[in-house]
Amino acid sequence: MLNPTKGERPPTLGFEDGEVRIFTGCNKGTGPATLGGPAKFPRVAFGSIVYTQKSCPGNSGQIERAMLEVLNEDSQFNFDDGSLHAFSEATDYDLQFLPADPSDDLIPTDS
């Protein structure tokens with residue numbers, strides 16, 4: 001299981017107006033996203049996501065690779081106990097995104 005270490009910001013996904021905003025724990029980006037399917041098991045299709053490309057060593061790099069692999073596959077998303085799960089059979093990654101505090105800056109503006 002990969003988790004951000006103390007002092008690292010967790011990865012985030014934000015959907016708004018047909019676009020996804022991501023923070024991988026190291027890099028950030030945006031791109032088109034289409035939500036469809038039933039509410040409990042939505043399908044998400046991502047277009048080309050453009051993101052910064054800083055070097056991400058260690059744990060943050062591993063988390064970023066897992067997140068980007070899931071986003072680049074035909075992944076299944078579902079909501080369970082208030083969190084969003086993303087699973088890709090191709091990569092066997094299962095990512096969990098917890099609800100954010102509305103006052104949090106989901107996509108960091110620094111770096």
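Could you tell me how many of the residues in the range 46-72 are surrounded by fewer than 18 Cβ atoms within 10 Å (Cβ to Cβ) and in contact with an Asp or Glu (Cβ under 8 Å, 6 or more places away or on another chain)?
2
Can you report the number of residues in the range 55-102 which are at pLDDT 75 or above and of a type in the set (Val, Ile, Thr)?
Residues flagged as at pLDDT 75 or above and of a type in the set (Val, Ile, Thr) within the range 55-102 amount to 2.
When the residues of the range 15-26 are narrowed to those that are within 8 Å of the chain's Cα centre (by Cα) and part of a strand (DSSP E or B), which ends up farthest from PHE46 (Cα to Cα)?
Of everything passing the filter in the range 15-26, PHE23 is farthest from PHE46 (Cα to Cα).
Take the range 48-73 and flag every residue that is part of a loop (DSSP other than H, G, I, E, B), over 13 Å from the mean Cα position of the chain (by Cα) and touching a residue at least 24 places away in the same chain (Cβ under 8 Å).
Within the range 48-73, the first condition is being part of a loop (DSSP other than H, G, I, E, B), and the residues that meet it are 48-49, 52-57, 72-73.
Still in the list and also over 13 Å from the mean Cα position of the chain (by Cα): 48, 52-57.
Within the range 48-73, THR52, GLN53, LYS54, CYS56 qualify.
Before we move on, is ASP105 at pLDDT below 80, part of a loop (DSSP other than H, G, I, E, B) and within 22 Å of ASN3 (Cβ to Cβ)?
Answer is yes for this residue.
The values are calculated or read from the model by the stated rules, or taken from the named source; none is laboratory data. Worth saying up front: this structure is predicted, and the values here are computed from it rather than measured. Reconstructed Cβ throughout: ideal geometry from the backbone, glycine too, with neighbour counts over all protein chains shown.
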